[in-house]
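> Dumping the structure here so I can ask a few things about it.
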Amino acid sequence: MTELQVFYYLSICGGFLMAFSLGANDAANAMASAVGAKAVTMRQALVIAGLMNFVGAVFLGSHVVATISKGIVDPTMIASEHDLMVGMFATLLTAGFFVLVSTFTGFPVSSTHAVVGGLMGFGLIAGGPEIIKWEMLGGIFLSWILTPILGGLVAGVMFWLIKKAMLDRDNLMVQARRWCPIWMGGTAAVIGGIFVTETKLRYYAQEQPEATVIAIIFLLTYIWGMGRHLVNELLDKLEAQAD
């Protein structure tokens, strides 16, 4: 077995380690609020997170892969392919173990932080500061600062809207039946818009705009109807328990 084959199989094992760490840490970040609010059970959260992570990786993962593979360290400035292979493998293992240890200790860390830090360390040792793409790195650091700030602002605005539309009004059950399906449809619209614009579906949308609009309207109507059915079923159970 050649050295390349050895690292190939070791990289597969490292990928599984990273995937396990991501599922243990990042999935908890996404589903903790829903589980804590008892909106979904632990089993439902695992199914939803597993499905959505798979879909996201398949359809949107290429953007992250392109940034990680060539956006942090310039691979053309590393003369030895052997050093590049070993460095990337070391970065994978480092990030996987770091996220795994952080998960066991209860820290909600970011796998992106771990990978970017590993690539920086590898790049500095392999080729010095000149092979680091500092402009891209600066944008990533800026996103780490802006993301929680913007997330907090959006969450605050959403809570204010929900409070004004539902919590501050009389008959919460009636308001929930009215507004919850609308929130679900709006969320689906945002996710669907990102999904279309960031995947190859955008080419179909540009070539067939009428069909795309019809499909979007049908999808939103379906999600609104499904959300209305689920909300009504849940609230009926709650009202029956209260009686």
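The values are calculated or read from the model by the stated rules, or taken from the named source; none is laboratory data. Given the structure is predicted, the values throughout are model-derived calculations rather than measurements. Quick reminder, even Gly has a Cβ in these numbers, built from the backbone with ideal geometry, and neighbours come from all protein chains shown. Heads up: the accessible areas ignore ligands, DNA and RNA and are worked out on the full protein's heavy atoms, side chains in. Shrake-Rupley method; radii C 1.70, N 1.55, O 1.52, S 1.80 Å.
> With the requirement that a residue be among the hydrophobic types (A, V, I, L, M, F, W, C), under 10 Å from P181 (Cα atoms) and open to solvent by less than 80 Å² (accessible area, probe 1.4 Å), what does segment 227-243 give you? Step through it out loud before you land on a result.
Let us first name the residues in segment 227-243 that are among the hydrophobic types (A, V, I, L, M, F, W, C), namely 230-231, 234-235, 238, 240, 242.
Those still in the list that are under 10 Å from P181 (Cα atoms) too: 230-231.
Residue satisfying the conditions is V231 alone.
> Are any residues in segment 1-57 among the basic types (K, R) and either outside any helix (DSSP H, G or I) or touching a strand residue (DSSP E or B) at 6+ places or on another chain (Cβ under 9 Å) (or both), and if so, which ones?
Within segment 1-57, just K38 meets the criteria.
> Now for a separate question. In this structure, does M136 turn out to be surrounded by fewer than 17 Cβ atoms within 10 Å (Cβ to Cβ) and in a helix (DSSP H, G or I)? Step through it out loud before you land on a result.
Values: surrounded by fewer than 17 Cβ atoms within 10 Å (Cβ to Cβ): yes; in a helix (DSSP H, G or I): yes.
Taking the combined requirement at face value, the residue satisfies it.
> Give the residue, chosen from T103, T187, that is β-branched (V, I, T) and open to solvent by 60 Å² or more (accessible area, probe 1.4 Å).
T187
> Residues of segment 6-51 being more than 20 Å from the chain's Cα centre (by Cα), within 30 Å of D83 (Cβ to Cβ) and open to solvent by 90 Å² or more (accessible area, probe 1.4 Å), which ones?
Residues satisfying the conditions are Y8, Y9.
> Based on what the data block shows, is M173 surrounded by 13 or more Cβ atoms within 10 Å (Cβ to Cβ), in contact with an Asp or Glu (Cβ under 7 Å, 6 or more places away or on another chain) and over 20 Å from V55 (Cα atoms)?
Against the criterion (surrounded by 13 or more Cβ atoms within 10 Å (Cβ to Cβ), in contact with an Asp or Glu (Cβ under 7 Å, 6 or more places away or on another chain) and over 20 Å from V55 (Cα atoms)), M173 qualifies.
> Considering only segment 74-85, I want to know if a residue exists there that is of a type in the set (D, E, K, R) and within 25 Å of L22 (Cβ to Cβ).
Scanning segment 74-85, I find no residue that is of a type in the set (D, E, K, R) and within 25 Å of L22 (Cβ to Cβ), so the answer is no.
> Determine whether segment 166-184 contains at least one residue that is within 30 Å of L219 (Cβ to Cβ) and out of contact with any helix residue (DSSP H, G or I) (no Cβ under 9 Å at 6 or more places or on another chain).
yes
> While we're looking at this one, here's another question. Which of (1) hydroxyl-bearing (S, T, Y); (2) in contact with a helix residue (DSSP H, G or I) (Cβ under 7 Å, 6 or more places away or on another chain); (3) loosely packed, with under 12 Cβ neighbours inside 10 Å is the odd one out, the single condition T197 does not satisfy?
Among (1) hydroxyl-bearing (S, T, Y); (2) in contact with a helix residue (DSSP H, G or I) (Cβ under 7 Å, 6 or more places away or on another chain); (3) loosely packed, with under 12 Cβ neighbours inside 10 Å, the lone unmet condition for T197 is (2).
Conditions tested, residue by residue: (1) open to solvent by 50 Å² or more (accessible area, probe 1.4 Å); (2) of a type in the set (G, A, S); (3) modelled with pLDDT under 85.
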| residue | (1), (2), (3) |
| --- | --- |
| M77 | yes, no, yes |
| D83 | yes, no, yes |
| G96 | no, yes, no |
| V99 | no, no, no |
| P108 | yes, no, yes |
| V116 | no, no, no |
| M120 | no, no, no |
| L124 | yes, no, no |
| I132 | no, no, no |
